[in-house]
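The values are calculated or read from the model by the stated rules, or taken from the named source; none is laboratory data. On a predicted model such as this, the values are computed, not experimentally measured, just so you know. Neighbour counts run over all protein chains shown; Cβ positions are idealised from the backbone, glycine included.
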Amino acid sequence: MELETLREKLAGILLKTEEPLSASELARRLDLDPRRGARIVYEMLPHVSKSIRARYGKQVYFEPPTCRKCGFTFSSFRKPHKCPKCGSEWVDPPRFFVK
Ligand SMILES: [Zn+2]
């Protein structure tokens, strides 16, 4: 699939969804392999959120990743491999939505 088409599809999914979705959930909806696709989704997100803002005047937000062991909340939307506070790898991925 063309990158441009993929970006438009991603924007469409984000604009339509009623619940926040993680990168791998978004990848699945784009018919991408959830693992590899999640990386592609992360790469496309900055561009897609810019075009959603430009075209629809809406903003892409994210629920930050959270450590499920100690509750640490991350400030970046990129899913970290480990919690910097307790070292746990049990981290909830960020979930994206548009408002
Ligand atoms: Zn932790």
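Taking region 56-99 on its own, how many of its residues are in contact (Cβ under 8 Å) with a residue 24 or more places away in the chain, under 30 Å from THR5 (Cβ atoms) and not in a strand (DSSP E or B)?
The number of residues fulfilling the criteria is 11.
Being in contact with a Phe, Trp or Tyr (Cβ under 6 Å, 6 or more places away or on another chain), among the hydrophobic types (A, V, I, L, M, F, W, C) and touching a residue at least 12 places away in the same chain (Cβ under 8 Å): is that true of ALA23 here?
Considered against the rule, which asks whether it is in contact with a Phe, Trp or Tyr (Cβ under 6 Å, 6 or more places away or on another chain), among the hydrophobic types (A, V, I, L, M, F, W, C) and touching a residue at least 12 places away in the same chain (Cβ under 8 Å), ALA23 comes out as yes.
Of the numbered conditions (1) buried (at least 18 other Cβ atoms within 10 Å of the Cβ); (2) within 20 Å of VAL98 (Cβ to Cβ), ARG55 fails exactly one; give the number of that condition.
(1)
Those residues that are within 18 Å of ASP92 (Cβ to Cβ), in a helix (DSSP H, G or I) and among the charged types (D, E, K, R), I need them from region 5-38; list them, please.
Scanning region 5-38 gives GLU25, ARG28, ARG35.
Please give the number of the condition VAL48 fails out of (1) crowded, with 18+ Cβ neighbours inside 10 Å; (2) within 16 Å of the ligand (Cβ to nearest atom).
Tallying (1) crowded, with 18+ Cβ neighbours inside 10 Å; (2) within 16 Å of the ligand (Cβ to nearest atom), VAL48 fails exactly one: (2).
Of the residues in region 54-89, how many are of a type in the set (D, E, K, R), touching a strand residue (DSSP E or B) at 6+ places or on another chain (Cβ under 9 Å) and away from the ligand (no atom under 16 Å from the Cβ)?
Residues meeting the conditions: 2.
Among PRO84, PRO80, PRO93, PRO64, which is the only one that is over 16 Å from SER22 (Cα atoms) and at pLDDT below 95?
PRO84
Of the conditions (1) in contact with a Ser or Thr (Cβ under 8 Å, 6 or more places away or on another chain); (2) farther than 13 Å from ARG7 by Cα; (3) surrounded by 15 or more Cβ atoms within 10 Å (Cβ to Cβ), GLY37 satisfies every one except a single condition; which number is it?
(2)
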